[in-house]
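S.K.: Right, I'll just put the structure down here and ask away after.
Derivation of every value follows stated rules applied to the coordinates shown; laboratory data play no part. Just so it is clear, the structure is predicted and the values come from calculations on it, not from any experiment. With ideal geometry, Cβ positions are generated from the backbone for all residues, glycine too; neighbour counts draw on all protein chains shown.
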Amino acid sequence: MKNNIYVYILLMALTVFIIRVLPLTLIRKPIQNLFIRSFLYYVPYVTLSVMTFPAIVRATASPISGIVALILGMIGAYKELGLFKVTLICCISVLLLEMFI
Amino acid sequence: MKGFKEGFKTGIPIGLGYFAVAFSLGIAAARAGLTPFQGFLTSFLVNASAGENAAFIAIRESVPYLQMILITVVSNIRYVLMSFALSQKIRPKTAILHRLLLGFYLTDEYFALAVSQEPFCDPFYSYGAISFAAPCWAIGTAFGIIMGNALPFKIVSALSVALYGMFLAIIIPPAKKQKQIAVLIVLSFLSSYLLSTFTPLSESTVTIILTIAVSSLGALLWPVKGETYEE
């Protein structure tokens, strides 16, 4: 059975809206519990990391270009080149490498 | 109206970056079987890179609806923190409509804009930036779905890493200053590789399990005192 894409989109939109708006409209005090605060602090880094690797290596036509994009992207990000330049470095490195592979 | 104009100018570089990343997201959406209109609608309603990527993977895997809600909560939970932080930057008497709109458009970039103003943020400054950048995001996604099929395979392969480039640009700089974040990133990479290679678990299930497990471990080992979300 195939689920309806519009139902997925609606569920996602509603869930994200609630997450973003509830604290802004209802709750005015900061969270007190140290564990929950720390947990929420680390979540973005962990989610993004889990979604990046090994997905980046599997997204490209050849795994080698994916690995090179990952390494160069990490170096660019380490040098704090910013979102746009790091993105560009990853794309161009894959493009150049796959011309020769 | 001066705030709106200033915000619009700030929105131009943000919008260009959004367009590139949204294009890459569109390629992921096409793999999940979304039409250009469905991609446009998703990006218009959601405005979240990691969240939309996770959702497109979930759609591709035809997960149950309940799991869709779960993956959406997990991949967007950081906005709870931002929403808390932003609530402190809004003039206390600000109308509910402004709160709803600012919440709807709460992304990493708009958040950074809003909290950089002192002592309170001007909603119209945000609306200025949003009025340029948000259409870039939605149209970019639709373009990615349309062109993703038309472009040569090698170009698509190159563009599909744009999204991961953006993720790296977000996670790596804080890891320089805080060693525990660097440790958590390495741990996430390793465990994500192991689970996705040696277990039959789907990508979205792996994301949920590891986000909860690794973040909990981080919170137990290195509790964060003081300000929990800084930009």
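S.K.: I'd like the per residue volume of the convex hull spanned by the Cα atoms of region B:1-104, given in cubic angstrom.
M.R.: It comes to 128 Å³ per residue, whole-number rounded.
S.K.: Restricting to DSSP H runs of at least four residues, report the calculated mean residue ellipticity at 222 nm for the protein assembly as shown, -39500 (n - 2.57) per run over all residues, nearest 500 deg cm²/dmol.
M.R.: Numbers: 17 runs with 261 residues, N = 332.
Mean residue ellipticity at 222 nm (helix-derived): -26000 deg cm²/dmol.
S.K.: Less than 27 Å apart at the alpha-carbon level, and either on another chain or at least 8 residues along: which lysines does that give for residue B:179?
M.R.: Once the sequence-local lysines are set aside, what remains near residue B:179 is A:79, A:85, B:225.
S.K.: Just tell me which lysines come within less than 20 Å, Cα to Cα, of residue B:89; anything on the same chain fewer than 8 places away is out.
M.R.: Qualifying lysines at Cα under 20 Å: A:29, B:2.
S.K.: Okay, next question. Highest GNM mean-square fluctuation, chain B, Cα pairs closer than 10 Å: which of B:184, B:201, B:221?
M.R.: B:221
S.K.: Taking the Cα centre of region B:43-130 as origin, work out the dipole magnitude from +1 charges on Lys and Arg Cβ and -1 charges on Asp and Glu Cβ, in debye rounded to 20. Please report the intermediate quantities before stating the final value.
M.R.: Values: 6 positive and 6 negative charges, 57 e Å.
Computed about the Cα centre, the dipole is about 280 debye.
S.K.: Of B:149, B:76, B:47, which has the largest mean-square fluctuation in a 10 Å C-alpha GNM of chain B?
M.R.: Per the Cα network of chain B with a 10 Å cutoff, B:149 tops the list.
S.K.: Region A:32-100: Rg/Rh from Cα coordinates, Kirkwood Rh? Each step should come with its number before you reach the end.
M.R.: Details: Rg = 15.1 Å, Rh = 13.4 Å.
Ratio of gyration radius to Kirkwood radius for region A:32-100: 1.13.
S.K.: Let me ask something else. Mind jotting down the distance between the C-alpha centroids of region B:77-91 and region A:7-81, whole Å?
M.R.: One Cα centre to the other: 17 Å.
S.K.: Rounded to whole Hz and in sequence order, give me ³J(HN,Hα) for region B:142-147 from the Karplus expression 6.51 cos²θ - 1.76 cosθ + 1.60, θ = phi - 60°, writing x for Gly and Pro.
M.R.: Running phi through 6.51 cos²θ - 1.76 cosθ + 1.60 with θ = phi - 60° gives 4, 4, x, 5, 5, 6 Hz.
S.K.: Still on this structure: Just want the ordering: B:118, B:109, from fewest to most Cβ atoms lying within 10 Å of their own Cβ.
M.R.: Working: B:118 7, B:109 21.
The order, fewest Cβ neighbours first, is B:118, B:109.
S.K.: Let me ask something else about it. Relative to the longest principal Cα axis of chain A, at what angle does helix A:63-78 sit, 0 to 90 degrees, rounded to 10?
M.R.: 60 degrees
S.K.: Then there is this: Return a whole-number percent for the relative contact order of chain B, with Cα pairs under 8 Å and 6 or more residues apart as the contact set. Present the calculation step by step, with values, prior to reporting the outcome.
M.R.: Details: 250 pairs, mean separation 82.8, N = 231.
Relative contact order of chain B: 36 percent.
S.K.: Size of chain B along its principal axes in angstrom, Cα-based, largest extent first?
M.R.: 54, 48, 34 Å, listed from the longest principal axis down.
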